[in-house]
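Please read the structure below before turning to the comments.
The values are calculated or read from the model by the stated rules, or taken from the named source; none is laboratory data. Computed from a prediction, not measured in an experiment: that's the story for all the values here. Because the Cβ atoms are built from the backbone with ideal geometry, glycine has one as well, and the counts that use them run over all protein chains shown. Only protein heavy atoms, including side chains, enter the accessible area calculation; ligands, DNA and RNA are left aside. Shrake-Rupley method; radii C 1.70, N 1.55, O 1.52, S 1.80 Å.
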Amino acid sequence: MATRAETKMVTGKINGQDVTVPAGTTILEAARMANIEVPNLCYQPLMRPWGSCRICTVEILGKRGGLIESCATPLGEGMEVLTHSEPVEDARQFVLQMYLIDHALDCPTCDKSGECYLQDNTYLSNVNTNPYRRPKFAQPYTHFSETIDYKFDRCIMCNRCTRVCDEVIGVTAIESTHRSIEAAISPAFGLELEDTLCTNCGMCIAVCPVGALTDRHFAHHPWDLDSTETICGFCDYGCTINVESNKGVVRRATNLWERGTNHGYVCEKGKWGHEIQQAPDRLRYPRVNQPGSSGYEVTWDDALDSIAATLQNYKGSEFAALISPDDTNEDAYLAQKFTRAVMGSNNVDRLLTTSQVAVERSVRASLGRDVGSTNNMQEMFTDVHAAMVVGPDIGKTAPVASYWLYHSIIYRESKIVVISQDEYPLCWRAQLWLKPNEGSTGTLLKGIARQIIDLKLHAEGIGKKDLERLTASLADYDLDKVARSTGVAGDKIQAAAVLYATGGVGLDRKVEDEYPSSVIFNTAAHIGSPVTSGTDDNAAEITELCNDLALLTSNFGRAGGGVTTPRGAANYQGTTDMGVHPAFLPGGRAVLDDTSRAEIEAAWGVELPTTQGYAIDEIAGAIEVGEIKALYLESTLAKQAENSPELLTALSKLEFLIYAGAFESPIAEIADVVLPRALSLEVDGTFTSFDRTVQRVRSTVPAAGEARPTGAIFAGIASRMGSNMSYLPVSAVLDEVGSLVPEYGGVNFARLERDGLNVPVSNFADPGASILVPGPDGLASLSPAFVSMAAD
Amino acid sequence: MAQPTSDLPRLTSQKAFDEFRARAIEKWEAIWNGKKTVVSIGIGSSSIPVGALDVMAAFERIADKENLHVRKTGVDGADWTDVQVRVKRPGEPAVVYANVVPSDAKGIIDGKHRGKIIGVEGDQPFDGIQPLDTHPFYKYQQRIVLQDVGVIDPDSIEEAIARGAYMGLYRALFELTPEEVIAEVTTANVRGRGGAGFPAGIKWESGRKARVTPKFVTCNSHEGEPNVYKDRRIHEGDPHRVLEGILIACVAVGAERGYNYVGGEYPLAIQRFRKAVDDATALGLVGRDMLGSGKNVAFRLRTGGGAYVCGEGSAMMYSIMGVRGQPRTKPPRSVEEGLWKRPTVANNTETLSNMRDIVVKGGEWYAQFGTEKSKGTKLMTVQGPMKTMGLVEVPMGINFKTLIDEVWGGMRDGYTFKGIQTGGVSAGPLRYEQLDVPVDFDSLTPLGGMLGSGGFVVFDETVCAVDFARYLTAFNRVESCSKCVPCARGNPALVETVDRIRFGRGSQRDLPLLERTSKHVIELSLCGLGQVAPMPLLGMMQQYPEEFQAHIDGVCPCGVCPVSAEATVEALAAD
């Protein structure tokens, strides 16, 4: 866990070994740093010490010593600690005997058997008899929900589950009730779990040290499972998950605590999303549809041969490819390379929603490049003082990011403004919740920006030109007018402006140098999502204003500042960086720029088309007028193509449609060739999260049926069309990316085995840039001169 | 429910308060010097069940005819006299009647029922009646906290002010600096009355020094122990004293927010205290710009839901914050991180109730009472077959035998003293021969007892030590908050083992087992409640080892325990 920079260090002795740690580090954590294992049950990283189980008891020597809980006691200067002395072992034995009076001891039928903390500790402390004769106090099992079971007789009341639900997930859907041995975990307020705020994230199950809270979808022996660490493919937060499978079937996803950008915590999709891998409607075999007859399955060779033969006729701009933003970097790179180098077309884009497109263009316009975040999510633990969360419910759109907002409220007392149509728990825990009228979020942000200028809270560093531009554009947005049109009280707007601009300090307190930084979370890319409200808001306007606000307060380039824009699809950032874009080649080189194009041409050894291709929102129109005749269309987890009526109608006008999908779909019925595509659990490669962390995606199980990754499909077609594009080994594709995309110059599989890397990473010695800082040209054009600031 | 007195003016300056107080004193004097006979009836949670309201109604019915001024007061602590009525005829001292029933009303006014008279107010005998202060129950008392309990109408802020209420706050606002207030408290050396005995002055000092804001002051009025009722009586008899103590603490510490946490089992205390807060707020004694001094204290009353553990400092704070009341690990201490992670000074009701007199009369004055290490007076309550049972306020260091034999009048006829359970459910019992000790914070501990919050239970020869130990342990077993395993599961284990002994199924091995279990529960529990939970049991085992042995041998000397019954240990598991 990243801790706040502490200058003061203390040195204590643990089991005779000198240990020097930052002041305030608990004995338990200090011991872990020194590789001394202190057994524990209720300790959970990232959460407040609880101190209930007493398994972590240690002995402190000296006059004021004694037995003490190591998880909550900070190591003091000169403290002498014994972790396994006789009194300590005796105490542990006692505590375990106490647990085992009531614990069900139904290990043979318990899912947790084999990875149970109580089992392990009983074994470690060698508890084999129990002098107490009280009969077990038992209660029936309860079904909390479709996915969660609670088994009272196994519960040891360590409260890890209620704490994670409250402190990290932020919903407090479960609580402990009753006292003494009758105490139990129950949905809050005695409701049914589905009536609480439960997000079904399953973190209560994940943190349960015993088998009290169990996953109803899981039934297997833990020791019978193969586990693979990979990255979740459901959103661009990039959570590390541990996928456990048996005989090629994913049984569950578990959590690797203190690992990855998510420190082990995931959301509902990370916990149970793997189940789609075994969905009955998976496409398993290539299929060819003949006009007038139903489709028939063919071999890959036949399918690829037929595609290669047909595509020979559609070279040039008649061909288009719509690539899923869930694809890995390597797949995406090969997809655009195929389209450009083999087919000679720039008609390649990702399948995006209208809001995603609007956000992309807006970010590109104000920052000069499409980045999901100028900063790093790990700053939530170290630098965030204040945050403004704009747009649809971040708890649904980027759940793990919302966890760290709750975490920062509790541990860093950060001040948060929520601007959203949705009412969700963060609104109640934030300092301020502004709920503008439908469609007026942009106006509200303008009002806030205007207030910052009116109150003279804008940064001194802002250029005169920028200030004039903003002042002029905000001339019409005085407080009263904004208050009237947004329905938000004027003083609240002002308070939000002050909170954001002063980093939560407020106007009352004098600050010596400059105000602390504030971060903006902008979820405008999710406007229109079926699970959130506020569909009338203008995503482009909101995004532009978020960037303007950060610019106005000089929050770009500062730790704990910047703008973070979660955009949804798992590898949105990566597919952009790879050049899956009608106007940009890999590395953000403009198609229209001759020098850039020449570089790529030299590398690929082909001539590239010189005009921009059609973007996702233009392709349907281009098909309708017959400019595009052949289309390679991928499916996405968000079912982008299926949800776009224009595109669906246009598809019938195509002469040749290749559908590469993971699931049965109406498009699979009308496509000429249907190719089964592998899901992210089945492929190797890399994902780039919205905060630009490149992480390693590993194949956890063989793909369903004969499904193949996108890259393999394109490599297969390319070789049949006489072009040499290799897919395997995947690491070589990433190496090729590194040679063409300067930002990925220092990324390869070997480095990623250790940990994720924040791009830009220019070479193998570059640690990566966790914060992007504005270049020498000033803020007017934040781009293109992003230079990487050495990671702290 | 009592409504706030609506015609109270808002006092916005020192002068306005002086004038209001002068008027209040005038009114107060007018009651006692008027032409009417003043009948004061002690009404509180101890007297209402024996008909105090009916007695009051009976007097009110004849009030016009007999020219009476009938008024209610709090119960002055003498529970054995309930319903207590004080009748003051013009020009005469007030005569105190005990155990009055409604049908006595007329007779008392007519001068009958002389048998019910226990004394007369003042220091001179009157009409052959001895002064009340010569009665043993009152003789040893030094009433500071209780000085107005049983004197004023707890619902009347004017009577309270006439008797000196808010003079301490007045001094703290206008005449002393916060540092001087703390200096007085430090000089008084008043130690925490909740049981731990931590000096309040030091606590306030650290609260004052804490730099983080906002700060909080909490008053812990949650008496969960089964035999303590002192805070309840203070709230019922003189709520303004508690409120004033909290306000003084807020001013001294520099806290702008004060909380009083009262157990929900005390409806009358809550009602009267709420009225007091409403009235004080209307007068401008609480809230923004108190009495025009420029100081603010926002005040809130929070009520508990009935968990014993919520009397523990950190658990109380969680309860106030609206979450499950459970103690937390320390450090940090509450005075560093308490309510909402802000510095919080937590004091007991009784401690805060002393503050008015400490501030008004000075720490030196207060320190003259009590012993060298335990200054001042202490409220003590008793239960059991005593002759004059009730709440008393005696100087620290009073001899325990005096307290039992004289103040509380010794055992009732037919009962033989066997022992006295000290420290609520947090310590062991004492035998009679051990009682020749001063009662203060430190003297009882070496004997295995504890002053605690001053709640005692006297038990007689018909009480079986094993059975009683089981009761006390079972209280802790039921009230354990479930957080720490040693307490949550250790106490049930203790109950189960004691039950085995009670049911005649104990063995020689069970006594060491009880000791081992207790040792771990004491050593490993997080909060004070868990750490003392096995104390009553250990105390009983130490004081009455022969009874435990007798049970193991198959006999209950008192004939209480089902040693030979056909019951099984399993049957008990459910309770």
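Every residue in the stretch B:468-493 that is of a type in the set (A, V, I, L, M), surrounded by fewer than 24 Cβ atoms within 10 Å (Cβ to Cβ) and either assigned by TED's automatic domain parsing to the domain that holds B:SER314 or closer than 18 Å to B:GLY428 by Cβ (or both), please. B:ALA474 - this is the single residue of the stretch B:468-493 that is of a type in the set (A, V, I, L, M), surrounded by fewer than 24 Cβ atoms within 10 Å (Cβ to Cβ) and either assigned by TED's automatic domain parsing to the domain that holds B:SER314 or closer than 18 Å to B:GLY428 by Cβ (or both). Name every residue in the stretch A:41-95 that is over 38 Å from the mean Cα position of the chain (by Cα), touching a residue at least 40 places away in the same chain (Cβ under 8 Å) and within 8 Å of another protein chain (Cβ to nearest Cβ), in order of residue number. Scanning the stretch A:41-95 gives a single hit, A:VAL95. Only helices (runs of 4 or more DSSP H) whose full extent lies in the stretch B:487-575 are considered here, and the ones with at least 2 residues that are facing chain A (nearest Cβ under 10 Å), out of contact with any Ser or Thr (no Cβ under 6 Å at 6 or more places or on another chain) and modelled with pLDDT under 90 are B:569-572.
Only one of these is more than 14 Å from the chain's Cα centre (by Cα) and of a type in the set (Val, Ile, Thr): B:ILE234, B:ILE246. Name it.
Details: B:ILE234 fails: more than 14 Å from the chain's Cα centre (by Cα).
Going through B:ILE234, B:ILE246 in turn, just one is more than 14 Å from the chain's Cα centre (by Cα) and of a type in the set (Val, Ile, Thr): B:ILE246.
For A:ALA550, the stated conditions do not hold, so it cannot be described as open to solvent by 20 Å² or more (accessible area, probe 1.4 Å), assigned by TED's automatic domain parsing to the domain that holds A:MET388 and of a type in the set (A, V, I, L, M).
Restricting attention to the stretch A:391-426, the residues that are part of a helix (DSSP H, G or I), in contact with a Gly (Cβ under 8 Å, 6 or more places away or on another chain) and of a type in the set (S, T, N, Q) add up to 2. The helices (runs of 4 or more DSSP H) falling completely within the stretch A:110-226 that include 3 or more residues that are more than 30 Å from B:LEU514 (Cα to Cα) map to A:160-163, A:203-207. Restricted to the stretch B:303-406, the set of strands (runs of 3 or more DSSP E) holding at least 1 residues that are hydroxyl-bearing (Ser, Thr, Tyr), open to solvent by less than 10 Å² (accessible area, probe 1.4 Å) and at pLDDT 90 or above comprises B:344-348, B:377-383.
For the stretch A:8-33, a tally of residues being surrounded by fewer than 17 Cβ atoms within 10 Å (Cβ to Cβ) and more than 31 Å from the chain's Cα centre (by Cα) returns 10.
Checking each residue in the stretch A:428-442 for being over 15 Å from A:VAL384 (Cβ atoms) and either in a loop (DSSP other than H, G, I, E, B) or open to solvent by less than 10 Å² (accessible area, probe 1.4 Å) (or both) picks out A:LEU434, A:LYS435, A:PRO436, A:ASN437, A:GLU438, A:GLY439, A:SER440, A:THR441, A:GLY442.
Restricted to the stretch A:681-754, the set of helices (runs of 4 or more DSSP H) holding at least 2 residues that are of a type in the set (S, T, N, Q) comprises A:710-720, A:730-740. Collect the residues in the stretch B:442-459 that are of a type outside the set (A, V, I, L, M) and in contact with a strand residue (DSSP E or B) (Cβ under 6 Å, 6 or more places away or on another chain), keeping them in residue-number order. Within the stretch B:442-459, B:GLY449, B:GLY454, B:GLY455, B:PHE456, B:PHE459 meet the criteria. Step by step: first the residues of the stretch A:645-670, then only those that are open to solvent by 30 Å² or more (accessible area, probe 1.4 Å) and touching a residue at least 40 places away in the same chain (Cβ under 8 Å), then the one that is farthest from the chain's Cα centre (by Cα). Which residue is that? Only one residue tops the list, namely A:GLU655. When A:PHE137, A:PHE152 are screened for being more than 25 Å from A:PRO45 (Cβ to Cβ), open to solvent by less than 30 Å² (accessible area, probe 1.4 Å) and within 14 Å of chain B (Cβ to nearest Cβ), only A:PHE152 passes. The residues of the stretch A:175-207 that are away from chain B (no Cβ under 14 Å), aliphatic (A, V, I, L, M) and out of contact with any Leu (no Cβ under 8 Å at 6 or more places or on another chain), listed by number, are A:LEU191, A:LEU193, A:LEU197, A:MET203, A:ALA206, A:VAL207.
Counting only helices (runs of 4 or more DSSP H) that sit wholly inside the stretch B:154-251, those with at least 3 residues that are without any contact (Cβ under 8 Å) to a residue 24 or more places away in the chain and surrounded by fewer than 21 Cβ atoms within 10 Å (Cβ to Cβ) are B:200-209.
If we keep just the residues of the stretch A:122-134 that are within 13 Å of chain B (Cβ to nearest Cβ) and touching a helix residue (DSSP H, G or I) at 6+ places or on another chain (Cβ under 6 Å), which is nearest to A:ASP102 (Cα to Cα)?
In the first step, residues of the stretch A:122-134 are kept if they are within 13 Å of chain B (Cβ to nearest Cβ); the result is A:129-134.
When the remaining residues are screened for being touching a helix residue (DSSP H, G or I) at 6+ places or on another chain (Cβ under 6 Å), the result is A:130-132, A:134.
Numbers: A:ASN130: 11, A:PRO131: 13, A:TYR132: 10, A:ARG134: 8 Å.
Per the stated criteria, the residue is A:ARG134.
Under the condition of being farther than 22 Å from A:ASN538 by Cβ and touching a Lys or Arg at 6+ places or on another chain (Cβ under 7 Å), the residues counted in the stretch A:386-430 number 3.
Among the residues of the stretch A:245-256, write down those that are under 25 Å from A:SER145 (Cα atoms) and either under 12 Å from the mean Cα position of the chain (by Cα) or touching a residue at least 24 places away in the same chain (Cβ under 8 Å) (or both). Walk me through it before giving the result.
First, the residues of the stretch A:245-256 that are under 25 Å from A:SER145 (Cα atoms): A:245, A:249-256.
Once the filter is applied, which keeps residues that are under 25 Å from A:SER145 (Cα atoms) and either under 12 Å from the mean Cα position of the chain (by Cα) or touching a residue at least 24 places away in the same chain (Cβ under 8 Å) (or both), the stretch A:245-256 yields A:SER245, A:VAL249, A:VAL250, A:ARG251, A:ARG252, A:THR254, A:ASN255, A:LEU256.
Here A:THR686 fits the description: modelled with pLDDT of 95 or more, crowded, with 22+ Cβ neighbours inside 10 Å, out of contact with any Cys (no Cβ under 7 Å at 6 or more places or on another chain) and not small (Gly, Ala, Ser).
Between A:ALA475, A:ALA539, A:ALA525, which is open to solvent by 50 Å² or more (accessible area, probe 1.4 Å) and either without any contact (Cβ under 8 Å) to a residue 24 or more places away in the chain or more than 23 Å from A:ALA559 (Cα to Cα) (or both)? Before you say what the answer is, go through the steps one by one.
Details: A:ALA539 fails: open to solvent by 50 Å² or more (accessible area, probe 1.4 Å); A:ALA525 fails: open to solvent by 50 Å² or more (accessible area, probe 1.4 Å).
Of the residues listed, the single one that is open to solvent by 50 Å² or more (accessible area, probe 1.4 Å) and either without any contact (Cβ under 8 Å) to a residue 24 or more places away in the chain or more than 23 Å from A:ALA559 (Cα to Cα) (or both) is A:ALA475.
Residue check: B:GLY325 meets all listed conditions (1) within 16 Å of B:GLY192 (Cα to Cα); (2) touching a residue at least 12 places away in the same chain (Cβ under 8 Å) but one, namely (1).
With respect to A:VAL38, determine if the residue is assigned by TED's automatic domain parsing to the domain that holds A:THR20, buried (at least 21 other Cβ atoms within 10 Å of the Cβ) and in contact (Cβ under 8 Å) with a residue 40 or more places away in the chain. Lay out the reasoning, then the answer.
Values: assigned by TED's automatic domain parsing to the domain that holds A:THR20: yes; buried (at least 21 other Cβ atoms within 10 Å of the Cβ): yes; in contact (Cβ under 8 Å) with a residue 40 or more places away in the chain: yes.
Against the criterion (assigned by TED's automatic domain parsing to the domain that holds A:THR20, buried (at least 21 other Cβ atoms within 10 Å of the Cβ) and in contact (Cβ under 8 Å) with a residue 40 or more places away in the chain), A:VAL38 qualifies.
Does the stretch A:188-219 hold any residues that are more than 27 Å from the chain's Cα centre (by Cα) and over 25 Å from A:ASN121 (Cα atoms), and which are they? Matches in the stretch A:188-219: A:ALA188, A:PHE189, A:GLY190, A:LEU191, A:GLU192.
Filtered by the rule that a residue be under 10 Å from B:GLY264 (Cβ atoms) and more than 13 Å from chain A (Cβ to nearest Cβ), the stretch B:303-322 gives B:THR303, B:GLY304.
Does any residue of the stretch B:422-438 turn out to be within 24 Å of B:ASN354 (Cα to Cα) and open to solvent by 10 Å² or more (accessible area, probe 1.4 Å)? The answer is yes; a qualifying residue exists. If you go through the stretch A:309-353 and pick out every residue that is in a loop (DSSP other than H, G, I, E, B) and open to solvent by 10 Å² or more (accessible area, probe 1.4 Å), you end up with 8.
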